[in-house]
Structures are given as C-alpha cells and as structure tokens.
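Enquirer: So that we are looking at the same thing, I have put the structure below in structure tokens.
Each reported figure results from applying straightforward, stated rules to the coordinates on display, with no laboratory input. A quick note: this is a predicted structure, and the numbers were derived from the prediction, not measured. Counting neighbours? That spans all protein chains shown, and the Cβs are built from the backbone with ideal geometry, glycine included.
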Amino acid sequence: MDAANMGAMPALYSNPAAVAAAETAKAEVQAAFIMAMHRPRSAEQARQNILKLCQKPDFAEAVEYSKPVGGGKITGLSVRFAEQALREWGNVRTTQRVTYEDDTVRRVMVKVLDLESNAEFSREISVAKTVERKNGKGRDIVSERTNSYGDKVYVVIATDEELAIKEAAAVAKVIRNEGLRLLPPDIKEEALETARKTLANRDSEDPDAGVRKIVDAFGRIGVNVTMLEKYLGHNLAQVVPAELADMRKMHEAIKSGESRWSDYVIDVEAQPSVDPTDALKAAAKGKKAAHKCPNDGAERTAAFCRKCDNFPNCANPAAEN
C-alpha cells in the first residue's frame, strides 16, 4: 500500500489499541447474546427466587429506601434490591464507560440491556471531582460555603479513592433506576409487599429486637442514640412500627449514598412547631358570624359560639367555622 492510500485510512485503523478495544467489546456483546439464547430465563422461577429473598428478614430490611425531597419524602426499591433482583431475573447486561474527563469532571455512560428482549435503558452521569469536608487542612480547597447549621464546609479536590466511591454510588443508582424498568411491575409490587410482611411478622414477635438492630446499624454509620431520639422527638422505647419501618428506609438510603443524615435533620428542623389549636385560634380571632345569633340577634364569633350553652345545636353557621 502506498503512502497516499495510507494517509486516507480512517483514524480508527491508525490506532491498534482502539481497534483491539472495539473488537473486544463486540465479542463480549456477541457472547452475552449467545449465552442468553442457550439459557433463556424462566420468569416464574425468577419471580419465586426474588420473593424467596424478600422472605429473609436481613434482606427485607434493605428492600426500601426513603429520602427527603422538597419538603416531603420519596420511597422506592433500593440499590441492593435492584442488584439482587436483576441477578435473579437473569440475562441482563450492565456496562459503564467513561465518555469524557478533564480536571474537574468525569462523565460516565451507564447502560442496562435485556439480552432477551433487546430492551436497553441508559443514562450519562457527571461526577464532579470534588467532595465536601468540614476540615480543609492539607487539602486543595476549591471553594467554601456555610451549611444549614451555620458551619463552614470546604469543597476540596477528591482523592482517587473518594472519586471512586462517589462514582460507584452514582452508577449504582442509575443501574437501579434503569434496571428496575426491565422488571414487570407486578413482581416489584409483590416483592415489596412480601418484604414488608416479613418484617412485620418478625417485629410482632420481638419489637425490641428490631429497634436495637436498627439503632446498632445507625451507630455504625455515625448516628448515635441521642441523634435518633432528637429526630423522633421521643425516647427509643416509644418507637412504633411505622417509625421503625421509616428508620430502616432512612438507613438504607444513607448507607447506599442516596442521602445523608443531615438531610433528614434539616428537613425536621425546617418544619415549624405547630400547636393544633392555632388554626382554631386564628379562625376565631376577630372573625364575624355570617348571621346574627338566633338567641339575642347580635353578631358572634366562632369562639363565642363554641362557649355557648346551645352549642353545637345552635343554627348559627359561625359555630361551624
């Protein structure tokens, strides 16, 4: 081949490493499809395996997560559930590839492919190469800000280990969100119901054991008893089943990197303390009755009507406000 023709060759062929990588990726995908053809999934067997997992208390505790968003809370199936459910569903291929990188950000394309139906879902994520720390000593500080507690926090350049952890958490969430779209809705609903029933049955036998276990789990991620009681607003001995279930979802969200403990504390502290009689007081303060009092013909407020001996048999609509 002469020099003129060599110069016209595509850039791909001028890089042997790129050619090898492309051929390797192609071979991996082809092999995955061939294996799926030889070992097709049994949807019913996969369903039974998923439900069997949800009947194990230790796994059931991690099936759901909950995190505060916009003044409320959202709940859903967790990263751990998605990982195990996709494994049992079978013939699902997940891949991640860096599409762009510079000194400040890394972009990663995450794909989830069903090798039997050819259904594929993907999303590109951007991972900033920074983390927040309360102490910036010895770190390369990019910026600083004041958090919701009034404390100064520093945005510093992430180490390789910190970046790897941050990227892994982001990728896991994408695989969960996109991967769960491959599972039939009825299986997901049945799995969630089974997990809740498993925990309810165990807690009914020994409620204190469930509380101790979640308290210990929070302790391992730096949330102590005092912090939990402040969040709940009462002693741990007074925890009710609904609160216990909520604590488990919170723990799973924090453990998987979905949220931080400070997110929940800020959410609680942001809610004003409301006296249940405030609305009644506000309605009664200076409010006129729509009609005259049937007894003396005078205009009366709702508060006055409620103190009247004829209440609640009085026909004055003010008494109903």
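Enquirer: Condition first: of a type outside the set (Val, Ile, Thr) and more than 23 Å from the chain's Cα centre (by Cα). Can you find one or more residues in the stretch 177-200 that meet it? Don't jump to the end; show me each part of the working.
Expert: Applying the first criterion (of a type outside the set (Val, Ile, Thr)) to the stretch 177-200 yields 177-186, 188-193, 195-197, 199-200.
Those still in the list that are more than 23 Å from the chain's Cα centre (by Cα) too: none.
Within the stretch 177-200, none of the residues are of a type outside the set (Val, Ile, Thr) and more than 23 Å from the chain's Cα centre (by Cα).
Enquirer: Could I ask something else about it? Taking Ser143 as the residue in question, decide whether it is in contact with a strand residue (DSSP E or B) (Cβ under 6 Å, 6 or more places away or on another chain) and among the hydroxyl-bearing types (Ser, Thr, Tyr). Working first, answer last.
Expert: Details: in contact with a strand residue (DSSP E or B) (Cβ under 6 Å, 6 or more places away or on another chain): yes; among the hydroxyl-bearing types (Ser, Thr, Tyr): yes.
Yes, satisfied.
Enquirer: Here is a follow-up. Residues of the stretch 149-197 being surrounded by 12 or more Cβ atoms within 10 Å (Cβ to Cβ), touching a residue at least 12 places away in the same chain (Cβ under 8 Å) and of a type in the set (Ser, Thr, Tyr), which ones?
Expert: Tyr154, Thr194
Enquirer: Also, quick follow-up: Within the stretch 96-114, can you find the residues that are over 24 Å from Glu190 (Cα atoms) and surrounded by 14 or more Cβ atoms within 10 Å (Cβ to Cβ)? Give the steps one after another, and end with the answer.
Expert: Just the residues of the stretch 96-114 that are over 24 Å from Glu190 (Cα atoms), to begin with: 96-111.
Correct list: Gln96, Arg106, Arg107, Val108, Met109, Val110, Lys111.
Enquirer: Restricting to the stretch 54-83, and then to whatever is part of a helix (DSSP H, G or I) and aromatic (Phe, Trp, Tyr), can you tell me which residue is surrounded by the most Cβ atoms within 10 Å (Cβ to Cβ)?
Expert: Phe81
Enquirer: Looking only at the stretch 112-148, count how many residues are under 21 Å from Gly257 (Cα atoms) and either touching a Gly at 6+ places or on another chain (Cβ under 9 Å) or in contact (Cβ under 8 Å) with a residue 40 or more places away in the chain (or both).
Expert: Selection size over the stretch 112-148: 7.
Enquirer: Which of the numbered conditions does Val142 fail, given that it passes all the others? Conditions: (1) farther than 23 Å from Arg107 by Cβ; (2) surrounded by 12 or more Cβ atoms within 10 Å (Cβ to Cβ); (3) over 24 Å from the mean Cα position of the chain (by Cα).
Expert: Condition (1) is where Val142 drops out.
Enquirer: While we're looking at this one, here's another question. Which pairs have Cβ atoms under 8 Å, sit 6 or more apart or on different chains, and link a residue in the stretch 41-53 that is in a helix (DSSP H, G or I) to one that is of a type in the set (Ser, Thr, Tyr)?
Expert: Leu51/Thr194
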